[in-house]
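A.B. asks: Here it is: the structure, laid out below.
Just so it is clear, none of the values below were taken in a lab; they were calculated from the coordinates. Given the structure is predicted, the values throughout are model-derived calculations rather than measurements. FYI the Cβ positions are ideal-geometry reconstructions off the backbone, even for glycines, and counts take in every protein chain you see.
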Amino acid sequence: MKTKIYIAKKIPSHVEEYIGKYCDYEKYEGEDAAGYEELLSKLHDKEGVMLSGTKVDKNLLECAPLLKVVSNISVGYNNFDIGAMKEKGVMGTNTPGVLNDTVADLIFALILSAARKIVEMDSYVREGKWISTDAEKMFGKDVHHSTLGIIGMGRIGQDVAKRARFGFDMDVLYYNRKRKAEVEEKLGVKYADLNTLLRQSDFVLVMTSLTDETYHMIDEEQFNLMKRDAIFINVSRGATVNEKALIKALEEKKISGAGLDVYEKEPIDMDNPLIKMPNVVLTPHIGSATKKTRNDMAMLAAQNLVKALCGEIPPNIVPELKA
Ligand code: 8YV
């Protein structure tokens, strides 16, 4: 008899076929993804689950006595309660690597859109406000030859740095828990302590994973250090930034704009003040959202799951859960 698993999110049919060779699967039939409550009711007889972002906590694990592996279809795994998973001996995997370039592209789209007012100017054209091309309102900020500060020099941070250095002739400062000499050498980026990075960067990018340590690491104090014409970009997780402090910094013109893909609450509430700010570009957590990359992520997650259930060691067990 095949192992029973649950697929909590829509995945491509060829990935489903691959899983079907090894597992007996039940899948969420809705458009988006199964929520927490749905998962609670599905996992009592499952040994594996493939999901994305839904929290995996003690309560959920208690409703899943047979569960051996949780395969996240994402690189971030802040939805895992690592302590609870360790205690129950449940393996957790993620999908690093396959999304790096795609997320780096989106980051540059946000940098360029915010700097050159692309969204605002698009509506300018559509609303018939295009009278002159010399109105100061239309002037943006140069991206090329400016300074980009990257907080979190992981795989995605490095792909952003590559674009910045070799595509846009930017100076790149980075702040990371560990200094990375080989990356400095290869990409010509410079390490800076966080405060120096915040003071000197024209664009500040947060690309660190969300942990207890990085929760609200960018707060009022950090916004106060940034240049008044700095543009702030967040493509990590909403909660690495205190969103109230971000809103205040934008309202008080402590920074000049922002490009955001992630929020403390997703989807964002329509009464969130960010919605009405023309100097802020908002995307709905689409960093990895190209067809190819989402297919690749689903396939990698499926391979992680199958390997784990076949008794092999999958390549992408999250570091905190490695034996
Ligand atoms: C999302 C991401 O998980 O990989 C990550 O950490 O944030 C994204 O790729 C994606 O929305 C998956 O649904």
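A.B. asks: For segment 287-323, which residues satisfy the criterion of being more than 30 Å from Asp212 (Cα to Cα) and among the small types (Gly, Ala, Ser)?
C.D. replies: Gly311
A.B. asks: Picking from Val98, Val143, Val125, which residue would you name as being away from the ligand (no atom under 16 Å from the Cβ) and either in contact (Cβ under 8 Å) with a residue 60 or more places away in the chain or in a loop (DSSP other than H, G, I, E, B) (or both)?
C.D. replies: Residue meeting the stated conditions: Val143.
A.B. asks: Taking the stated definitions as given, is Leu106 touching a Leu at 6+ places or on another chain (Cβ under 8 Å) and either within 15 Å of Lys4 (Cβ to Cβ) or not in a loop (DSSP other than H, G, I, E, B) (or both)?
C.D. replies: The answer is no for Leu106.
A.B. asks: Show the residue pairs meeting these rules: Cβ distance below 7 Å; 6+ apart or different chains; first residue within segment 35-52 and acidic (Asp, Glu); second residue assigned to a loop (DSSP other than H, G, I, E, B).
C.D. replies: Here the result reads Glu38/Tyr28; Asp45/Leu66; Glu47/Leu66; Glu47/Leu67; Glu47/Lys68, each pair linking segment 35-52 to a residue that is assigned to a loop (DSSP other than H, G, I, E, B).
A.B. asks: Continuing with this model, one more query. May I ask you to verify whether Asp134 is within 30 Å of Gln158 (Cβ to Cβ), part of a loop (DSSP other than H, G, I, E, B) and away from the ligand (no atom under 16 Å from the Cβ)?
C.D. replies: No, not satisfied.
A.B. asks: Can you pull out the residues in segment 280-295 that are within 11 Å of the ligand (Cβ to nearest atom) and part of a helix (DSSP H, G or I)?
C.D. replies: Hits for segment 280-295 are Thr293, Arg294.
A.B. asks: Search segment 205-232 for residues that are among the hydroxyl-bearing types (Ser, Thr, Tyr) and pair each with any residue that is exposed (fewer than 15 other Cβ atoms within 10 Å of the Cβ) when their beta-carbon atoms are under 9 Å apart and the residues are at least 6 apart or on different chains.
C.D. replies: Qualifying pairs under 9 Å: Thr208/Arg177.
A.B. asks: Applying the selection to segment 42-72, what residues are more than 16 Å from the ligand (Cβ to nearest atom) and either among the aromatic types (Phe, Trp, Tyr) or farther than 17 Å from Leu321 by Cβ (or both)?
C.D. replies: Listed by number, the residues that qualify are Lys42, Leu43, His44, Asp45, Lys46, Asn59, Glu62, Cys63, Pro65, Leu66.
A.B. asks: Take the residues of segment 79-95 that are within 10 Å of the ligand (Cβ to nearest atom) and over 29 Å from Met170 (Cβ atoms): which is surrounded by the most Cβ atoms within 10 Å (Cβ to Cβ)?
C.D. replies: The residue in question is Asn94.
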